Amino acid sequence: MVKPLVKEWIRDDIRALNAYHVPDPGEMIKLDAMENPYLWPEAMQQLWLSQLANVPLNRYPDPSAAKLTAKIEQVMAVPKSMKSILGNGSDELIQIICMALAKPDSVVMAPEPTFVMYQMIAQFTNMHYQGIPLDEQFQLDMPAMREAIEKHQPAVIFLAYPNNPTGNLFSEQDVRDIIAMAPGLVVVDEAYHAFAGHSFMPMLGEYANLVVMRTVSKMGLAGLRLGLLSGRPEWLNEFDKVRLPYNINVLTQFSAEFALEHSDVLQQQTDQICADRIKLQSALNALPNITQYPSAANFILFKIADRQSDDIFTALKQSGILIKRLANPSGPLKNTLRVTIGTEQENAAFIKSLSDILKH
Ligand SMILES: *Cc1c(COP(=O)(O)O)cnc(C)c1O
């Protein structure tokens, strides 16, 4: 019997978890995961394929992915005096940070609602997680943050900038005040930087306890799994010790370098998504009873008065459109839904279905 063994040896808190569930989109229009909907132009794809044939799969990758790191630092404008490490997605970087900081009783703090991986990884690494509610406008509740920071002395504070699932940027001054008052590390997670137009990357030199995280996932390369963590060498040298040596595989190293050589294509796609965000916002505005929240990201959080988000989600799904229904939304997130900006046609199909649903 396996079961008693599992019960005896697997940690209670792990057995109590539900596995992270990602629905199978099948043939549906996929507007649930903040993906860029565009592929590359045919000629670029062919060039990539022909060069890919020369990537030596029999060899281990460059353990520190030096060429790719240099390229991505250049594209992401990492200040010269800073150091970076790469992760298998920024999820892995969150894990690396937590592994390196996880002393007994150390605390991970984040404003809530936010990206769920901060809490999950805090738990996996046996750290204590403290979530501090955002205010009604989804801004940082500074008195509450100040009190919580003084009380819990967090080893690390994660700030998603823009925040997911709310889509907004926090006030820059509030973020600066948190960095200044934090006893430990502050990670500004800029997963949506491409759509935001604001960054703490240029401010790395101003603080002793700031690191900035980026990912290529929301820029059109979600399938590659590649994130970047940048900051002072003193911090990054320690995080690098926890990183598994070959965490960025040869296909990702090659393909990301290739994509970043053609960053104008990615930039064009990003510009298109930003333009379509404005169109989608006005189309949503024209629907009855809708509240949508400001977005500096490639998704929009919205809710519809007197309608259950579950019903809207299910009706959209029946019409072939998959958006995101948040798990256990409560407080200001109650009844909200999150839609990713897709292609112009996908956005139009979403608006058409949603307006049909609202007529019934
Ligand atoms: C999507 C997302 C990430 C995850 O990025 P990966 O590089 O795909 O692991 C990190 N942080 C936030 C806030 C996100 O929304």
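The values are calculated or read from the model by the stated rules, or taken from the named source; none is laboratory data. Keep in mind the model is a prediction, meaning the values are calculated, not measured. Positions of Cβ are backbone-derived with ideal geometry, glycine not excepted, and every protein chain shown enters the neighbour counts. Accessible surface areas use protein heavy atoms only, side chains included; no ligands, DNA or RNA. Shrake-Rupley method; radii C 1.70, N 1.55, O 1.52, S 1.80 Å.
Pairs are defined by a Cβ separation below 8 Å, a sequence spacing of at least 6 or placement on different chains, a first member in the stretch 84-97 that is charged (D, E, K, R), and a second member that is more than 10 Å from the ligand (Cβ to nearest atom) and assigned to a helix (DSSP H, G or I); the pairs so defined are Asp91/Ile121. The residues in the stretch 10-32 that are within 21 Å of the chain's Cα centre (by Cα) and either outside the structural domain of Phe350 (by TED's automatic domain parsing) or farther than 11 Å from Ile321 by Cβ (or both) can be counted, and the count is 7.
Scanning the stretch 136-169 for residues that are at pLDDT 95 or above, part of a loop (DSSP other than H, G, I, E, B) and open to solvent by 20 Å² or more (accessible area, probe 1.4 Å) turns up Gln139, Asp141, Gln153, Ala155, Leu169.
Return the residues of the stretch 61-72 that are of a type outside the set (A, V, I, L, M) and crowded, with 18+ Cβ neighbours inside 10 Å; say none if nothing qualifies.
Pro61, Thr69, Lys71
Does Ile273 count as part of a loop (DSSP other than H, G, I, E, B) and out of contact with any Cys (no Cβ under 6 Å at 6 or more places or on another chain)? Answer is no for this residue.
When we screen Met34, Met1, Met44, Met99 for residues that are buried (at least 20 other Cβ atoms within 10 Å of the Cβ) and either more than 15 Å from the ligand (Cβ to nearest atom) or part of a loop (DSSP other than H, G, I, E, B) (or both), the only hit is Met34. Scan the stretch 137-146 and give yes if some residue there is among the polar types (S, T, N, Q) and within 10 Å of the ligand (Cβ to nearest atom), otherwise no. No. Which residues, taken from the stretch 305-334, are polar (S, T, N, Q) and buried (at least 19 other Cβ atoms within 10 Å of the Cβ)? Ser309, the sole residue that qualifies.
Cβ-Cβ contacts under 7 Å between residues 6 or more apart (or on different chains), taken from a first residue in the stretch 102-129 that is free of Cβ contacts under 8 Å to residues at least 24 places away in the same chain and under 26 Å from Thr336 (Cα atoms) to a second residue that is within 15 Å of the ligand (Cβ to nearest atom) and in a helix (DSSP H, G or I), are listed as Tyr129/Gln119; Tyr129/Ala122. I'd like the residue in the stretch 198-221 that is under 24 Å from Trp40 (Cβ atoms) and surrounded by fewer than 24 Cβ atoms within 10 Å (Cβ to Cβ) and, out of all such residues, is farthest from the ligand (Cβ to nearest atom). The residue in question is Gly220.
Reported count of residues in the stretch 59-93, each being of a type in the set (D, E, K, R) and assigned to a strand (DSSP E or B), is 1. Checked against (1) part of a loop (DSSP other than H, G, I, E, B); (2) under 25 Å from Glu190 (Cβ atoms); (3) without any contact (Cβ under 8 Å) to a residue 60 or more places away in the chain, His360 passes all but condition (2).
Would it be correct to say that Thr291 is under 30 Å from Ile132 (Cα atoms) and surrounded by 17 or more Cβ atoms within 10 Å (Cβ to Cβ)? Spelling it out, it is not the case that Thr291 is under 30 Å from Ile132 (Cα atoms) and surrounded by 17 or more Cβ atoms within 10 Å (Cβ to Cβ). In the stretch 175-197, of all residues being assigned to a helix (DSSP H, G or I) and within 15 Å of the ligand (Cβ to nearest atom), the one that is most open to solvent (accessible area, probe 1.4 Å) corresponds to His193.
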